[in-house]
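Student: Handing you a structure now.
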Amino acid sequence: MGMIGFLILFPLVVALVLLCVKNNQARNVIASIAAATIAFASIALTVVYFGKDSFISLSSPVIDYICSAIGIIIAICILVYAVRYRNILAGVLALVQVAAALVFEFGFSHGIAVASGLYLDSLSLLMALVIGVIGSGICLYALGYMEDFQAEHADAPDRRPVFFALMFLFLSAMFGVVFSNNMLWLFTAWEITTICSFLLIGYTRTDEAIKNAFRQIVMNLLGGIGFTAALFFIAVNFHTLSFAEFIAAGAANPGLATLPVICLAFAGITKAAQMPFQSWLLGAMVAPTPTSALLHSSTMVKAGVFLLVKLAPIFAVSFVPSVMVILVGGVTFTFCSFMAISQSNAKRVLAYSTVANLGLIVACAGVGTPEAIWAAAFLIIFHAIAKSLLFLCVGTAEHHIGSRDIEDMDLLFERMPQLARYMMLGIMCMFIAPFGMLIAKWATLVSFVDTKQVTLIILLVFGSAATFMFWGKWLGKLAGIAGSPENDEQTVHRSEWVSILLMVVLVVACCVGLPFISLYVIEPYIATVFGTFSRGIADGNLVIASVATAFVVVVLFAGLGKGKAKKAEVYLSGISVDNEGRTFSNSLSKETAATARNWYMEHIFGEQAISGIGTVCTALIIVVAFLASVASLLGMF
């Protein structure tokens, strides 16, 4: 109880302190110590409760009322911003949600006691590590990054106290999401992540930032209304607000659970930015890089897939919710992987990749078998670590080469050799064997084959082919030109290096430790939920992947920083005119520049060509699922 309470409340206290601290040095010290404390606390919690499931007796009407008050405050904040920026839809949705929440609190939830308000299992501990270690690392990275950001926007007021307060509040809310068994508390933490995301996306207060922030709040308010509707139904028909009790009762009576599960799945789909709601996460790219990294890797979107994975036992026995989640996830994975091909902006490639990989996790949750959940857990781990590393690398590169465009990274290996290698490691982790993400995708394919999910197999195959193309283009751009040790890395802030190195160590450790993570973290959770041990890939193959990963990492980083290589002139297959500009005299005595540019095929895979089709398909899937569940429910009564 004490350790969980600390992880939930300590970041909240830190957020309040940072909101009041204006001195940059004091803020750096406080945020650094707080980030390290949260990381160590999450590790300590995992070590103490490793392999144990524990429900913590905590039931308090006071906390319930505090949660209701927080919901009202959030709604008031949204209403104020909606009036200020004349966004009627956001204001209306906020009013609907707060009215529904008040009716639920004072008309339905009273008399329903949840004896165990908090809980621990292997999945929540895994998520706590992702939030505590990766999330804290991103907060640490933000210290140096935001100094450069503020210097570039010197004419704007310094709002860094607000920025860092929101970052730590985000961590507090995420710990609340993964540890709450009381669904009212879970919903409150869920909504706090929504308002924090809204404020972080709109941080710069430009017209584009405000527009994208409201897109996020509108879509997530829709998901919040779906969550509230599920709470009404669960309270009335299942007479409980315990998440664990509802999952057990829903698995035993899937017919009655169909509608609330679809409502919860809808909330998870919006939070995880699945089609047709993917645009809010793409819009988050206007925010500073630490915001993008936090939203895309360790928080916000992970809350959505966490909820869906928890609901997997019901998906396994309930046809309509399962089909909805499977199809939405599968279509999102394929279509967003295709759209990533057409992107040259590195952050948009990462955004589409995030949405696509979340779609794969969502599809695994919808399948609901032990093998699929094994794959989903590993997808969560490796996506969180690798994507955090890539976002941080792109943010640092942008500040030092002046661009986030992949086509401007020709000489990154020459100008920033250490950073380029770290970026290459993150990319390889996302799509190349023997790194963890591809191992998890193989396990996903195995689970789809075992359950005869033909449609999902087709979607996975085509989406994976697209994945190989857009990651391969980027990796080739980074590796295409090697050069001298002379670089621009000396001006990178120490806090940025510490955070990036933390992500590198985590990537390597998790890939090398694949067999141990499977045996001691993932399989105990699966055994608890499904009553059987199961994995998508044999232990022997995991060991082979682990050893091979170690070998690749040694080769990639061998000799980095050792000695000084002799710098030779570039051979340009002709008479050189300008070596630095890669220009030579060709056979016709004309000057030619040696360049390498990628193929984006925007007319085929562009957003305008694909996005509308995917949006319509997934919207129809969700609508049909809702109608089918209502019809089924009416038939029962």
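Student: I need the shape label for the stretch 237-356. Rule: rounded when a/c is under 1.5, else prolate if a/b > b/c, else oblate, with a, b, c from the alpha carbon gyration tensor.
Tutor: It is prolate, given that a/c is not under 1.5 and a/b is the larger ratio.
Student: So, how do all the Cα-to-Cα distances of the stretch 164-312 break down into 10 Å bins, in percent, from 0 on up?
Tutor: In whole percents, the pair-distance histogram is 12, 43, 30, 12, 3, 0.
Student: Relative contact order, percent, of the chain when contacts are C-alpha pairs under 8 Å separated by at least 6 residues?
Tutor: Rounded, it is 15 percent for the chain.
Student: Over all directions, what mean area does the Cα convex hull of the stretch 266-325 project, stated in square nanometres?
Tutor: 4.1
Student: Please give, to one decimal in nm, the separation of the simple spin-label points placed at VAL505 and ASN345, each 7 Å out from Cα toward the Cβ.
Tutor: Inter-label distance under the simple model: 3.4 nm.
Student: With only alpha-carbon atoms counted, please give the Rg and Dmax of the chain, in Å.
Tutor: 24.3, 88
Student: Strictly over 23 Å apart at the Cα level, which of LYS52/LYS441; LYS22/LYS347; LYS211/LYS347; LYS302/LYS473; LYS52/LYS387; LYS22/LYS302 would you flag in this model?
Tutor: LYS52/LYS441; LYS22/LYS347; LYS302/LYS473; LYS52/LYS387; LYS22/LYS302
Student: Work the Kirkwood hydrodynamic radius out for the stretch 175-227: mean of 1/r over every pair of different alpha-carbon atoms, inverted, in Å.
Tutor: Mean inverse Cα-Cα distance, inverted, gives 11.7 Å.
Student: I've got another one for you. Given Cα pairs under 8 Å that are at least 6 residues apart, what percent is the relative contact order of the stretch 126-210?
Tutor: Relative contact order, the stretch 126-210: 26 percent.
Student: Still on this structure: Using the Cβ atoms and a cut-off under 14 Å, what net charge is assigned to the surroundings of GLY71, where Lys and Arg are +1 and Asp and Glu are -1?
Tutor: It works out to a net charge of -3.
Student: At a 10 angstrom cut-off on C-beta neighbours, averaged per residue, how do the peptides 582-594, 356-368, 543-555, 253-265 rank from highest to lowest?
Tutor: 356-368, 253-265, 543-555, 582-594
Student: Additional query: Step by step: find N for the stretch 409-493, compute 2.2 N^0.38 Å, then divide the Cα radius of gyration by it. What's the final number?
Tutor: This ratio for the stretch 409-493 stands at 1.44.
Student: To continue, here is another question. If packing is taken as the average count of other Cβ atoms within 10 Å, what order do 144-153, 113-122 fall into, highest mean first?
Tutor: 113-122, 144-153
Student: Separate question: Return one quarter of the surface area of the convex hull spanned by the alpha-carbon atoms of the stretch 355-475, equal to its mean projected area, in nm².
Tutor: Convex hull of Cα atoms, orientation-averaged projection: 7.2 nm².
Student: How much accessible surface area, in Å² rounded to 10, belongs to the heavy atoms of LEU199 with a 1.4 Å probe?
Tutor: Number for this one is 50 Å².
Student: Would you list the membrane-span-like helices of the chain, meaning whole DSSP H runs whose alpha-carbon atoms span at least 30 Å along their axis and whose mean Kyte-Doolittle value is at least -1.0?
Tutor: Passing helices, by number: 24-48, 61-84, 207-237, 319-341, 346-367, 370-401, 454-479, 607-636.
Student: Of the listed peptides 216-223, 502-509, what is their order by residue-averaged count of other C-beta atoms within 10 Å, with the highest listed first?
Tutor: So the order, starting with the most tightly packed, is 216-223, 502-509.
Student: Further question: What percent does the relative contact order of the stretch 408-539 come to when contacts are Cα pairs within less than 8 Å and at least six residues apart?
Tutor: 37
Student: Same structure again: Under 20 °C and 1.002 mPa s, how fast does the stretch 112-244 diffuse according to Stokes-Einstein, given a Kirkwood radius computed over C-alpha pairs? Answer in µm²/s, whole number.
Tutor: Estimated via Stokes-Einstein, D reaches 128 µm²/s.
Student: Can I ask one more? For the chain, what does -39500 (n - 2.57) per DSSP helix run (n ≥ 4), summed and divided by total residues, give at 222 nm, in deg cm²/dmol to the nearest 500?
Tutor: -24000 deg cm²/dmol
Student: Considering all alpha-carbon pairs of the stretch 72-130, what whole percent are spaced by more than 13 angstrom?
Tutor: That fraction is 71 percent.
Student: Per-residue accessible area for MET3 at 1.4 Å probe radius, Å² rounded to 10?
Tutor: For MET3, the solvent-accessible surface is approximately 70 Å².
Student: Evaluate the charge dipole of the chain about its Cα centre and quote only its size in Debye, nearest 20, assuming +1 on the Cβ of each Lys and Arg and -1 on the Cβ of each Asp and Glu.
Tutor: About 60 debye.
Student: Which is farthest toward the positive dipole end of the stretch 376-420 among VAL394, MET416, PHE378, measuring Cα position about the Cα centre, with Cβ charges +1 (Lys, Arg) and -1 (Asp, Glu)?
Tutor: Highest projection toward the positive end goes to PHE378.
Student: Check cross-link reach from LYS477 to the aspartates and glutamates: straight Cα distance under 13 Å, and skip same-chain residues fewer than eight apart.
Tutor: Within the straight-line cut-off, LYS477 pairs with ASP405, GLU407, ASP408, ASP410, GLU414.
Student: Per residue, how much accessible area does the chain have with a 1.4 Å probe, in Å²?
Tutor: 37
Student: Which of the aspartates and glutamates could a cross-linker bridge to LYS271, judged by Cα under 17 Å and excluding same-chain residues fewer than eight apart?
Tutor: Cross-link targets: GLU191.
Student: What nm value, rounded to one decimal, do you get for the distance between ILE432 and ALA44 when each label is placed 7 Å out toward the C-beta?
Tutor: Computed distance between label sites ILE432 and ALA44 equals 3.9 nm.
Student: Here is a further query. Taking the Cα centre as origin and putting +1 on Lys and Arg beta-carbons and -1 on Asp and Glu beta-carbons, what dipole magnitude results for the stretch 1-150, to the nearest 20 debye?
Tutor: Roughly 340 debye for the stretch 1-150.
Student: Report, as a whole number in µm² per second, the diffusion coefficient that Stokes-Einstein gives for the stretch 51-95 at 4 °C and 1.567 mPa s using the Kirkwood radius over alpha carbon pairs.
Tutor: Calculated translational D: 101 µm²/s.
Student: Okay, moving on. What FRET efficiency comes out for the pair ILE70/VAL236, r = Cβ-Cβ distance, R0 = 22 Å, nearest 0.05?
Tutor: 0.40
Student: Mind putting together the pair-distance distribution for the stretch 1-99? All Cα pairs, 5 Å bins, whole percent per bin, short to long.
Tutor: Computed distribution, short to long bins: 2, 10, 13, 13, 12, 16, 16, 12, 5, 1, 0.
Student: Once neighbouring chains are kept in place and the probe is 1.4 Å, which whole percent of the accessible area of the stretch 51-100 is contributed by carbon and sulfur?
Tutor: About 73 percent, which is the carbon plus sulfur part of the accessible surface.
Student: Taking the Cα centre of the stretch 96-197 as origin, work out the dipole magnitude from +1 charges on Lys and Arg Cβ and -1 charges on Asp and Glu Cβ, in debye rounded to 20.
Tutor: With only Lys, Arg, Asp and Glu charged at Cβ, the dipole is about 300 debye.
Student: So what does log10 I(q)/I(0) come out to for the stretch 385-538 at q = 0.09, 0.15, 0.17, 0.20 Å⁻¹, using the Debye formula with one equal point on every Cα and no solvent?
Tutor: For the stretch 385-538 at q = 0.09, 0.15, 0.17, 0.20 Å⁻¹, log10 I(q)/I(0) is -0.38, -0.87, -1.02, -1.22.
The values are calculated or read from the model by the stated rules, or taken from the named source; none is laboratory data. These figures come from a predicted structure and were not determined experimentally. Here Cβ is always computed from backbone atoms with ideal geometry, including for glycine, and neighbour counts include all displayed protein chains. Accessible surface is based on the protein model in full, side chains and every heavy atom, while ligands, DNA and RNA are left aside. Shrake-Rupley method; radii C 1.70, N 1.55, O 1.52, S 1.80 Å.
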